[in-house]
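The values are calculated or read from the model by the stated rules, or taken from the named source; none is laboratory data. Computed from a predicted structure; not experimentally measured. Note that we place each Cβ from the backbone using ideal geometry, even for glycine, and neighbour counts take in every protein chain shown. The protein model used for the area step is the full one, side chains on, heavy atoms only, and it has no ligands, DNA or RNA in it. Shrake-Rupley method; radii C 1.70, N 1.55, O 1.52, S 1.80 Å.
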Amino acid sequence: MKNVFLGRIFGNQKRPIKKQIFFFCVIAGFFQSVYGENFDSSIYERENDAIYNTIRVSGMGGTGTVFPGNFESLLFNPAGLSRKIQNHKESIFIGFSGDSYFRPEYIVPILTGITKSENPVGTILINAKELITSSGVGAALGFGFGFTPQKINLGVGIHGGLSVFLTGKPFPLGTEGYIKMSVNFPLAYGWKVFSTEKNRLDLGVNFHPEIAVIKGLNGSDVDALTGGSISIGKLVSDAVDNPYYSLPIDCGVIYSILGKPYSGAEIRIGFSAKNLFGNYFGPGDKLVPLEKQIVLNLGTGFYLPFEIFTVKSSCILSAELYDINQIFTGYSDFWKSLRLGAELNVGNVFCIRGGLTSGYPSIGAEVRILGFGVGFSWETVEKGLYIGDNPLSILRLAIQIY
């Protein structure tokens, strides 16, 4: 019976080998994430890194699985490389972003007295005491470059960044956090499985090796930073000699129903399995073992093209269950995983976005002129076990070249 079952999956139906590989990756990732001990319970939160998000997706409530832009296909769903959004024509993307993480009601104490202090880092930490003990505080700088030519469904790039984050109580001895620098080198491809006048199916795979330097922070480090006896640069230099390496694979699928509810419009259903077989290894992992969290996402959405005074425009509405494997393991629930997003794109020049992430509102906007884009996003994500437990707001500013 076992051989018959395996034969049905891998042999007797004469499937193309690429479909077999994709199917195997998705199934293996599901069982590895749900039944394996692969939940990263440490403070190293992937979602806190500027390099893993864009102002477009974060402004849309974190919904990037069904309608990723060209560069975003390298981050969220590689199947998007063969299902490029009609009014997102860029082939080259260069972006720089800066994030700040905080609890909204404590933003004023963060800004107080920083410019007059001889020890700005210490002043920030002291003024952010309430914020650190209640939620978390941090900042990040990220960059990205992607090449996604229109005529072939290939995507290559590089993206990375520096992220600093602190959380915990009491301050400073009970505080913990991290400094992380990482660089990814995505190589992705998407292909059309079939296409008719009514529907279409696309698959994608992304192999993105990562090099990371991670320095965990404890209460003694925070105390030394506050007193000025040690610098962030010194902490980072101590960690450079023990890097982490990772060789993760992302898989994705997008199924499109074309011409609904009218000609040019479409309905999409998408799924992505991220960070398969991507656990860290190397010198750093031998000192402080870390696991790279597998993320499974399922989403759906509408693409609605129209014209505003002869200007080609579009509206996207999307809904997504983010990290659904955590629902099965008990670390999340349906409402915490639910994300809703919307985007109004007018002539690929002005974009306004909004959404809900675990019930928290998100907003964003971007202006694109002469190949340059400037924009922002504001998103709040839940870092606790339930909605309202530990919300963390992320303000993201970005400059992009298309």
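The table below lists the values:
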item: Residue check, Ile179 closer than 27 Å to Lys286 by Cβ and open to solvent by 30 Å² or more (accessible area, probe 1.4 Å); result: no
item: Meets criteria (at positive phi, open to solvent by less than 50 Å² (accessible area, probe 1.4 Å) and not acidic (Asp, Glu)) for Gly190; result: no
item: Checklist (1) without any contact (Cβ under 8 Å) to a residue 60 or more places away in the chain; (2) surrounded by fewer than 18 Cβ atoms within 10 Å (Cβ to Cβ); (3) under 30 Å from Glu307 (Cβ atoms) applied to Glu266, failing item; result: (2)
item: Some residue of region 322-339 being in a strand (DSSP E or B) and acidic (Asp, Glu); result: no
item: Count - residues of region 143-163 that are crowded, with 22+ Cβ neighbours inside 10 Å and closer than 30 Å to Asn218 by Cβ; result: 3
item: Single condition Ser195 does not satisfy, out of (1) open to solvent by 30 Å² or more (accessible area, probe 1.4 Å); (2) touching a Leu at 6+ places or on another chain (Cβ under 9 Å); (3) touching a residue at least 24 places away in the same chain (Cβ under 8 Å); result: (3)
item: Residue match in region 308-315 (condition: buried (at least 17 other Cβ atoms within 10 Å of the Cβ), in contact with a Ser or Thr (Cβ under 9 Å, 6 or more places away or on another chain) and either over 16 Å from Ser58 (Cβ atoms) or among the aliphatic types (A, V, I, L, M) (or both)); result: no
item: Inter-residue pairs, beta-carbon under 8 Å, first without any contact (Cβ under 8 Å) to a residue 40 or more places away in the chain and in region 69-83, second among the hydroxyl-bearing types (Ser, Thr, Tyr), 6+ apart; result: Gly69/Thr54; Glu72/Thr54
item: Matching residues in region 79-108 - criterion: being open to solvent by 30 Å² or more (accessible area, probe 1.4 Å), of a type in the set (D, E, K, R) and at pLDDT 65 or above; result: Lys84
item: Residue under evaluation Leu338, criteria (1) aliphatic (A, V, I, L, M); (2) over 14 Å from Ile55 (Cα atoms); (3) out of contact with any Leu (no Cβ under 8 Å at 6 or more places or on another chain), criterion not met; result: (3)
item: Region 275-284 - residue that is open to solvent by less than 10 Å² (accessible area, probe 1.4 Å) and not in a loop (DSSP other than H, G, I, E, B) and, of those, nearest to Phe67 (Cα to Cα); result: Asn275
item: Failed item in (1) hydrophobic (A, V, I, L, M, F, W, C); (2) in a strand (DSSP E or B); (3) open to solvent by 50 Å² or more (accessible area, probe 1.4 Å); (4) in contact with a Phe, Trp or Tyr (Cβ under 7 Å, 6 or more places away or on another chain), with Ile387 passing the rest; result: (2)
